[in-house]
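This report refers to the structure that appears directly beneath it.
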Amino acid sequence: LPIYVIEGTTPVYPEGARIFLYRYKDRAYTPVDSTAIDAQGHFRFEGKTEEPLVYALRLNGSGTRAHLYLDNSPVELILNPNWNFEFLRSSDGTQVFELYNRMALNNALDLPKEIKEAPASPQLAYFLARNAYRYDFPTLSALRKSLDKSLDNNPYIKELDLALEQLSKIQPGAEAPEIDLVDAQGKKVSLKDFRGKKLLVDF
């Protein structure tokens, strides 16, 4: 069965330093493994990902995360003191992700342009879901629709679709969601009690 093997080198850290590997899914980082860094700064991970996903490496489980796309391929990498990849060799998918990620880190990732050029890119699916907050609802909806159908089951697009569904319910002109609040006098009130009337809700 295919597995990923990550062979890495870091600047040399004090004895006992560890690298933690996290999986990014469901809008959360989940720790999946950790390993010690040897005296020469080398470390190694071996495992299996059920589907191609974005993972992150973190020193001692805190601080900066170095993101990479894992798809059960061998990975060779060198991390610099800023916790960026000085060298990275792996599958095409991992290399494409690294290219987009470098652009994103420099605020140079133009998602509308990149999606137009590569609408079936699973790597861009991650960046769109991760940066959804940067776009208004109509723009985000249009970007989502411009993605290829092959991405419909992508885990990051599923997250985005759920967010879009929730956002659609609070757009101007949509029926307001049910909200139960406490008014200034401490009395419980519900929006449904005012159905059909003009109402100003001041938070």
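The values are calculated or read from the model by the stated rules, or taken from the named source; none is laboratory data. The shown structure was predicted, so the numbers you read here are calculated from the model rather than taken from an experiment. Cβ atoms come from the backbone with ideal geometry, glycine included; neighbour counts cover every protein chain shown. The area values use the complete protein model at the heavy-atom level, side chains included, leaving out ligands, DNA and RNA. Shrake-Rupley method; radii C 1.70, N 1.55, O 1.52, S 1.80 Å.
Just the residues that are closer than 23 Å to Q166 by Cβ and either without any contact (Cβ under 8 Å) to a residue 12 or more places away in the chain or hydrophobic (A, V, I, L, M, F, W, C) (or both), please, taken from the range 178-188.
We begin by selecting, within the range 178-188, every residue closer than 23 Å to Q166 by Cβ; these are 178-181.
Residues satisfying the conditions are I179, D180, L181.
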Quiz item: What's the number of the condition Y135 fails, among (1) of a type outside the set (V, I, T); (2) open to solvent by less than 40 Å² (accessible area, probe 1.4 Å); (3) out of contact with any strand residue (DSSP E or B) (no Cβ under 8 Å at 6 or more places or on another chain)?
Solution: (2)
Quiz item: Of all residues in the range 37-96, how many are more than 15 Å from F20 (Cα to Cα), of a type in the set (S, T, Y) and either loosely packed, with under 15 Cβ neighbours inside 10 Å or in contact (Cβ under 8 Å) with a residue 60 or more places away in the chain (or both)?
Solution: 1
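Restricting attention to the range 1-20, which residues are out of contact with any Leu (no Cβ under 6 Å at 6 or more places or on another chain) and either free of Cβ contacts under 8 Å to residues at least 40 places away in the same chain or more than 14 Å from N60 (Cβ to Cβ) (or both)?
Initially, the range 1-20 is screened for residues out of contact with any Leu (no Cβ under 6 Å at 6 or more places or on another chain), giving 1-3, 5-7, 9, 11-18, 20.
If the condition is that a residue be out of contact with any Leu (no Cβ under 6 Å at 6 or more places or on another chain) and either free of Cβ contacts under 8 Å to residues at least 40 places away in the same chain or more than 14 Å from N60 (Cβ to Cβ) (or both), then L1, P2, I3, V5, I6, E7, T9, V12, P14, E15, G16 are the ones that fit.
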Quiz item: Of (1) more than 27 Å from L59 (Cα to Cα); (2) of a type in the set (V, I, T); (3) touching a strand residue (DSSP E or B) at 6+ places or on another chain (Cβ under 6 Å), T94 satisfies all except one. Which?
Solution: (1)
Quiz item: Any idea which residue in the range 11-36 is surrounded by the fewest Cβ atoms within 10 Å (Cβ to Cβ), counting only those that are at pLDDT 95 or above and among the hydroxyl-bearing types (S, T, Y)?
Solution: T30
